[in-house]
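Okay, structure first, notes after.
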Amino acid sequence: MIDPQAKQLIEKGTIEFRQIQHLVEEIYQLGTLDRIYEIFGGYVNRSFGAEVTKADGEAVDYFVRRYRTTTTDEDISFEHRIVTYAIEHGCDLAAGVIQTPTGETFVKIPWETEEATLIYPWAISEYLYGEDPYDWVNNELQESEYNSMARALAKFHASSKGFEGGVKSEPQIYEFLDVKKDYFIHLFDGKPVSKMDCYVNSYKKHLNYVLSMCDKARKGMADSGMHETGKGIKVACHSDYHVSNVKWNDGECCGIFDFDWTKEDYRLGDIGYSLTISIASWDAMEDGIIDLEKIRAYMEGYCDATKEIGVLPELSAEEKKAFPYMILAGAIYLFHWSTDYAHDWENLNNFEYAYYVNHLIKTIHFIENHIDDLYHLICTL
């Protein structure tokens, strides 16, 4: 049964219960819905655990996801195809996608509100068991845990080799660093946000610095030769791989979930983002500082597992040159996430998002100041 800790029971009779009941019993025809728990932690989609009794009396847990209305059909299909492909090619860390009786992996259901009728995509997958003790702010792991987490990522990357499932709407990281500069510059154009808004003030204060770091990260990737020579290995990247998007069992990473940002890109892009969000400290006295020994433990796990699995090549000299700049790019990618505030500032907490953006600026400064240290570190592995 689903562990109800840190989850909220959805009462029968609510719109959430009735919609998921319709999804489970009538569309997917999985059995009788007994209970639903909302699973918190995500900032984009809504997630639920569903306890179901099948026709033969067997009790089964499922994971139910309601995507935001702006998620494209193509992006959802890509996510489901890569998860299925990875499982079929040796990744035993992900939950399988459930199909409807007619073969669909997601469906759309109208959600009635007083203001409008919203059409949300819904999907169901197997339930992924394991502990979920961390979140991306509370990310103080042991070096052995970072090592295990990185080994799991290497396994996912290896299992994606050969996947040809289309592309995502979001550009890959090298192009992202260029095309998003214009987005950053004009983010608040025409938006009547208060001049006292602390997120906006922090954002504008650091904007020129972020733009210069986009150029620095992109130039570092180009100068490494990884991009021009094709020596950078591309895989299906998770693209949001952090300490609370994996499951744990006695300190070992035993599962990976939240593949909705998955796209083809450089494996170093996945690694750089993961190192940034998973290791950069949120502690008041060490905010933005990245423990280099934890990076070492993470990269030892990734490199060792890649070598053991034998599907993908070890890091090339070009990738090692690009390594520090891919970590910088990962921090910029996370900075971009914080700009969701600009699209919903009336409902989001400006103090909370100002805290995020100031943390990320400190992280970017730390990475910039340790480019040589990061290169030396990766060269010693």
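Taken as a whole, segment 309-329 holds no residue that is of a type in the set (S, T, N, Q) and surrounded by 19 or more Cβ atoms within 10 Å (Cβ to Cβ).
Rundown of residues vs (1) in a strand (DSSP E or B); (2) among the β-branched types (Val, Ile, Thr); (3) in contact with a Lys or Arg (Cβ under 8 Å, 6 or more places away or on another chain); (4) without any contact (Cβ under 8 Å) to a residue 12 or more places away in the chain, yes/no style:
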residue	(1), (2), (3), (4)
SER202	no, no, no, no
ARG218	no, no, no, no
ALA236	yes, no, yes, no
SER239	no, no, yes, no
HIS242	no, no, no, no
THR276	no, yes, no, no
MET285	no, no, no, yes
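Looking across segment 246-260 at every residue that is out of contact with any Lys or Arg (no Cβ under 6 Å at 6 or more places or on another chain) and part of a strand (DSSP E or B), the one that is nearest to PHE156 (Cα to Cα) is identified as ILE256. Test TRP337 against the criterion of being outside any helix (DSSP H, G or I) and closer than 17 Å to LEU207 by Cβ, and give yes or no. Considered against the rule, which asks whether it is outside any helix (DSSP H, G or I) and closer than 17 Å to LEU207 by Cβ, TRP337 comes out as no. The number of residues in segment 287-319 being over 21 Å from THR229 (Cβ atoms) and part of a helix (DSSP H, G or I) comes to 16.
Taking the criterion of being more than 16 Å from VAL97 (Cβ to Cβ) and among the β-branched types (Val, Ile, Thr), the residues of segment 23-51 that qualify are THR32, ILE36, ILE39, VAL44. Does segment 14-30 include one or more residues that are modelled with pLDDT of 90 or more, closer than 25 Å to LEU153 by Cβ and not in a helix (DSSP H, G or I)? Within segment 14-30, not a single residue is modelled with pLDDT of 90 or more, closer than 25 Å to LEU153 by Cβ and not in a helix (DSSP H, G or I). As a summary of the residue check, SER224 satisfies the conditions (1) in contact (Cβ under 8 Å) with a residue 60 or more places away in the chain; (2) under 29 Å from THR70 (Cα atoms) except for the one numbered (2). Based on this model, can you work out whether VAL64 counts as buried (at least 20 other Cβ atoms within 10 Å of the Cβ), at pLDDT 95 or above and not aromatic (Phe, Trp, Tyr)? Judged against the criteria, VAL64 is a match.
What are the residue pairs meeting all of these: first residue in segment 99-119, first residue within 14 Å of THR70 (Cα to Cα), second residue of a type in the set (Val, Ile, Thr) and in a loop (DSSP other than H, G, I, E, B), Cβ atoms under 6 Å, and 6 or more apart or on different chains? Pairs that qualify, where the first residue is within 14 Å of THR70 (Cα to Cα) and the partner is of a type in the set (Val, Ile, Thr) and in a loop (DSSP other than H, G, I, E, B), are LEU118/THR69. Number of residues in segment 226-240 that are in contact with a Ser or Thr (Cβ under 7 Å, 6 or more places away or on another chain) and within 15 Å of ILE82 (Cα to Cα) equals 5. Answer with yes or no whether GLY272 is crowded, with 20+ Cβ neighbours inside 10 Å and modelled with pLDDT under 95. Taking the combined requirement at face value, the residue does not satisfy it.
Closer than 22 Å to PHE40 by Cα, free of Cβ contacts under 8 Å to residues at least 60 places away in the same chain and of a type in the set (S, T, N, Q): does that describe ASN249? Answer is no for this residue.
Looking only at residues of segment 340-373 that are of a type in the set (A, V, I, L, M) and more than 29 Å from LYS320 (Cα to Cα), we find that the one that is surrounded by the fewest Cβ atoms within 10 Å (Cβ to Cβ) is LEU348.
Counting just the residues of segment 117-147 that are surrounded by fewer than 21 Cβ atoms within 10 Å (Cβ to Cβ) and of a type in the set (Ser, Thr, Tyr), which one comes out nearest to PHE78 (Cα to Cα)? Restricting to residues being surrounded by fewer than 21 Cβ atoms within 10 Å (Cβ to Cβ) and of a type in the set (Ser, Thr, Tyr), the top hit is SER125. The residue pairs whose first member lies in segment 9-32 and is touching a residue at least 40 places away in the same chain (Cβ under 8 Å), whose second member is aliphatic (A, V, I, L, M) and assigned to a helix (DSSP H, G or I), and whose beta carbons are closer than 7 Å, counting only pairs six or more residues apart or on different chains, are LEU30/VAL24.
The values are calculated or read from the model by the stated rules, or taken from the named source; none is laboratory data. Keep in mind that what you see is a predicted model, and the values were worked out from it rather than measured. Note that we place each Cβ from the backbone using ideal geometry, even for glycine, and neighbour counts take in every protein chain shown.
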